[in-house]
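I have placed the structure first, in the form of structure tokens, so that the comments after it can refer back to it.
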Amino acid sequence: MNTRKVAAVTGAGHGIGRAIALAFAQEGYGVSIADIHEEAGLETVKLLNAYTEHVIFTKVDVSKEDEVRQWMARTVSDLGGIDVLVNNAGIMHNVDVLDLTSEQFMRVISVNLGGAFLCSQAAARVMKEKGRGGSIINISSTRAFMSEPNTEAYSASKGGISALTHAMAISLGEYGIRVNAISPGWIEVRDWHYPAVKDSIVHSEVDKKQHPVGRVGKPEDIATACLYLADEKAGFITGQNLTIDGGMTVKMIYAEE
């Protein structure tokens, strides 16, 4: 009998998603990754193969139900099930709110929020059938609670994810499935991109001082939290949102004269 746990991670081709997938591989999980960018997904597979041979990549647009179902079916057939789902896939389309088209707005909603729902629903069906419970972790954002100009589509999608999290936690609790969210703040991801789009990183002292902890966040900060929420030690935690932003959102800011 296969006792290896399996984590499924969306948007795992680069950035936070890549770091999350790597962290689960390092902990001995089988890992099923999904991304719309094939080059990025295959690069992540190479990284994960240093820790486990139980890795699969599927090219998926998470806003399309048939592609999500095919990914989940392949995950079950190749890896044996799903114990953890991390809904990380997301896009932005930040333009002047007066110029934002309905098509642009709905595309962001369909990927960020609709994709989280479709993947959660499909994974929950597998978890229920296997009868061993599971953990769903949604990557939200501090943009769900605070904003910069012209982020309406992204902020709305992340606010929806926060609400989706507590709703599904109640609906799925009877099946032993816990649902939580993580809201990252400023997380520097440029060094976690695949080579074709990798960029250098320079943070000013002002960048660092915006955070009470004295630095900008790293993808590993989010990955570590995912491992915790997925673990049985967090078995009494569901329907919650964990803000990981170095204290940035609780720091009072005064305008300079």
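Data for the structure
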quantity	calculated
Paired Rg and Dmax values of the chain, which use every Cα atom, in angstrom	17.9, 68
Pairwise FRET efficiency - SER147 versus ASN241, Cβ, R0 = 22 Å, nearest 0.05	0.85
Segment 6-250: Lys pairs at Cα distance under 18 angstrom, eight or more positions apart or on different chains	5
Helix axis angle, 115-130 relative to the chain longest principal axis, alpha carbon, degrees	30 degrees
Max mean-square fluctuation residue, GNM over the chain, Cα-Cα springs under 10 Å, options ASP96, ASP245, ASP61	ASP96
In degrees, nearest ten, helix 65-79 long axis to first principal axis of the chain (Cα)	50 degrees
For ALA181, residues with placed amide H under 5 Å, excluding near neighbours	ASN138, GLN240, ASN241, LEU242
Relative exposure of MET146, MET248, MET127, judged by other C-beta atoms within 10 Å (fewest first)	MET146, MET248, MET127
Charge context of THR224, other residues only, Cβ under 14 angstrom, K/R +1, D/E -1	-2
Angle in degrees between helix 38-48 and the longest Cα principal axis of the chain, rounded to the nearest 10	70 degrees
Residue-count net charge about GLU129 - beta-carbon cut-off 15 Å; Lys, Arg +1, Asp, Glu -1	+3
Relative packing of peptides 25-34, 225-234 - highest average C-beta neighbours within 10 Å first	25-34, 225-234
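Every read-out reported here was derived from the displayed coordinates using simple, explicitly stated rules and does not represent laboratory data. In this text the structure is predicted, and so the values were computed from the model without any measurement. Cβ atoms come from the backbone with ideal geometry, glycine included; neighbour counts cover every protein chain shown.
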